[in-house]
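Working notes, beginning with the structure itself.
The values are calculated or read from the model by the stated rules, or taken from the named source; none is laboratory data. Only a predicted model underlies this, so the values are computations on that prediction, with no experimental measurement involved. Because the Cβ atoms are built from the backbone with ideal geometry, glycine has one as well, and the counts that use them run over all protein chains shown. SASA here: full protein model, heavy atoms, side chains in, ligands and nucleic acids out. Shrake-Rupley method; radii C 1.70, N 1.55, O 1.52, S 1.80 Å.
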Amino acid sequence: MKKYIYSLFAVLLATATMTSCTEDEGTVPGNDTNPSVVMYQYTSKKPYNEDNDVTLRLAFNNQVESAYYLAEKASEKESRVASLGEEGYLDYVVSNGTKVSDVTADADVVITGLFGKYAITAVAVNGTKKASATSEFTGLEWEDVVTGTYYFQVRPDVAGMETNATTLQVCTTDATLYRFKDVFGADSHMKIQLLPDYTATDADGTYTYFRIPATTTPFTYGNYGAVSVRDVGYWQGSSAWVTDNGYESGMYEDYSCFLMIQYYVSAGNLGYDYDYFIPDAE
C-alpha cells in the first residue's frame, strides 16, 4: 500500500509540474515568445480637454521591437477591416499610424481633437509577428442652447469666483447632457446630467432634476489647493440626497437653473448651497 501511495504521489507531482509549466508560459519575464501590447485609457487632465482629448498608456512586453498607434473614426475603421481583413488592418496601422519612440518602457500618449466616435488601435511588432490592442473614445460635440449669467452664491470669497456670463450648451450625442461653457473661465466648463424621469413643479414652473458630477475648477482656496464642485448626492455617496431628500438641482423649461452644489478642497468641505443660472432675456 505504501509503495502504491508513493507511486500515485509521483504521478500527481508530474501532472502538477506539467500543468504549471503550461499556465506560466508567456507570463514569466523573459519567457514570452510573442509581442504583446496592453492599452489603458484615462480621462485627460488640464491643459488637455477631457471632452475631445484622450490619454492612453501602452504597455509592452520584452518581445516588442516596434509599435504603432492610430485613431480614426469608428465607421472608417469598420470599413477598412471589412476591406482589408483583421491582419491587413494591422498592417495598415503600421504603415499609417504614429510610431512609438521607445518600446522598452510604457508609453504615455495623448491624442487630441477627437469629435465623434473613434476607434484607437495599437500594434506591437516583432519581425512578422504582430499583436494589437484597441480602445474606443467618443469626443463630445456641443450646440448652443441659450446665453445667460451664472451666479456664484456658495463661495463668493474665492478669488475669481464671481458672477459670470456663460452659454448653456447641449451635447449633440446625448440630449440629457448639458454644460455651462467657460463658466469658470476660458476652457473651464461644468457639466450637468438631466434626470428626465424626475420632475417637479413649484411657483416658478415645472423643472427637471439634474446631477452635477465632480469638476475641478481653476480656482484655489488659501493653501488648500484647487477648488472642486459637485452636487450633494455625489458628496454623500447616494443619489437619494438629490432625488428624495430635498437637495435637488433643477432646470426649468426656459433653461433657468438652480444648482444645489458643494464646493470643496482635498482637505474637506467649503460649503454648499444654491448657485443659479439665469438666461438672457430675448
**Message:** Just to be sure I understand, how many residues within region 139-148 are part of a loop (DSSP other than H, G, I, E, B) and of a type in the set (A, V, I, L, M, F, W, C)?
**Reply:** 1
**Asked** among the small types (Gly, Ala, Ser), open to solvent by 50 Å² or more (accessible area, probe 1.4 Å), part of a helix (DSSP H, G or I) and at pLDDT below 95: does that describe Ala10?
**Response** yes
**Prompt:** Restricting to region 127-141, what's the tally of residues that are within 25 Å of Met251 (Cβ to Cβ) and open to solvent by less than 40 Å² (accessible area, probe 1.4 Å)?
**Reply:** 2
**Asked** Looking at Thr201, Thr206, which is the one that is open to solvent by 40 Å² or more (accessible area, probe 1.4 Å), farther than 22 Å from Lys46 by Cβ and out of contact with any strand residue (DSSP E or B) (no Cβ under 7 Å at 6 or more places or on another chain)?
**Response** Thr201
**Matching residues, region 108-124, being open to solvent by less than 20 Å² (accessible area, probe 1.4 Å) and either touching a helix residue (DSSP H, G or I) at 6+ places or on another chain (Cβ under 7 Å) or assigned to a strand (DSSP E or B) (or both)** = Val109, Gly116, Ala119, Ile120, Thr121, Ala122, Val123, Ala124
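A quick yes/no check of all residues on (1) out of contact with any Pro (no Cβ under 9 Å at 6 or more places or on another chain); (2) not in a strand (DSSP E or B):
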site	(1), (2)
Phe137	yes, no
Tyr150	yes, no
Arg155	yes, yes
Thr166	yes, no
Tyr178	yes, no
Asp187	no, yes
Ala200	yes, no
Thr206	yes, no
**Asked** Among the listed residues Tyr274, Tyr209, Tyr255, Tyr264, which satisfies the condition of being in contact (Cβ under 8 Å) with a residue 40 or more places away in the chain and over 23 Å from Thr172 (Cβ atoms)?
**Response** Tyr274
**Prompt:** Can you tell me which residues in region 145-177 are open to solvent by 80 Å² or more (accessible area, probe 1.4 Å), farther than 17 Å from Pro196 by Cα and β-branched (Val, Ile, Thr)?
**Reply:** Thr163
**Prompt:** Looking only at region 228-282, which residues are out of contact with any Lys or Arg (no Cβ under 9 Å at 6 or more places or on another chain), of a type in the set (S, T, N, Q) and closer than 17 Å to Ala214 by Cβ?
**Reply:** Ser228, Gln236, Ser238, Ser266, Asn269
**Prompt:** How about region 178-197: which of its residues are more than 15 Å from Phe258 (Cα to Cα) and open to solvent by 30 Å² or more (accessible area, probe 1.4 Å)?
**Reply:** Lys181, Asp182, Ala186, Asp187, His189, Pro196, Asp197
**Item:** Restricting region 210-237 to residues that are modelled with pLDDT of 95 or more, over 13 Å from Gln193 (Cα atoms) and out of contact with any strand residue (DSSP E or B) (no Cβ under 7 Å at 6 or more places or on another chain), the residue that is surrounded by the fewest Cβ atoms within 10 Å (Cβ to Cβ)
**Value:** Gly237
**Prompt:** With respect to Gly246, is the statement that it is assigned to a strand (DSSP E or B) and farther than 17 Å from Met190 by Cα true?
**Reply:** no
**Fill in**
Within region 208-234, of all residues that are hydrophobic (A, V, I, L, M, F, W, C) and not in a strand (DSSP E or B), the one nearest to Gly246 (Cα to Cα) is Val232
**Message:** Just checking, does region 244-258 include any residue being open to solvent by less than 80 Å² (accessible area, probe 1.4 Å) and in contact with a helix residue (DSSP H, G or I) (Cβ under 6 Å, 6 or more places away or on another chain)?
**Reply:** yes
**Residue satisfying condition, being of a type in the set (Ser, Thr, Tyr), touching a Ser or Thr at 6+ places or on another chain (Cβ under 7 Å) and at pLDDT 95 or above, within set Thr176, Thr199** = Thr199
**Asked** Looking at this structure, is Lys181 farther than 30 Å from Gly250 by Cβ and of a type in the set (Lys, Arg)?
**Response** no
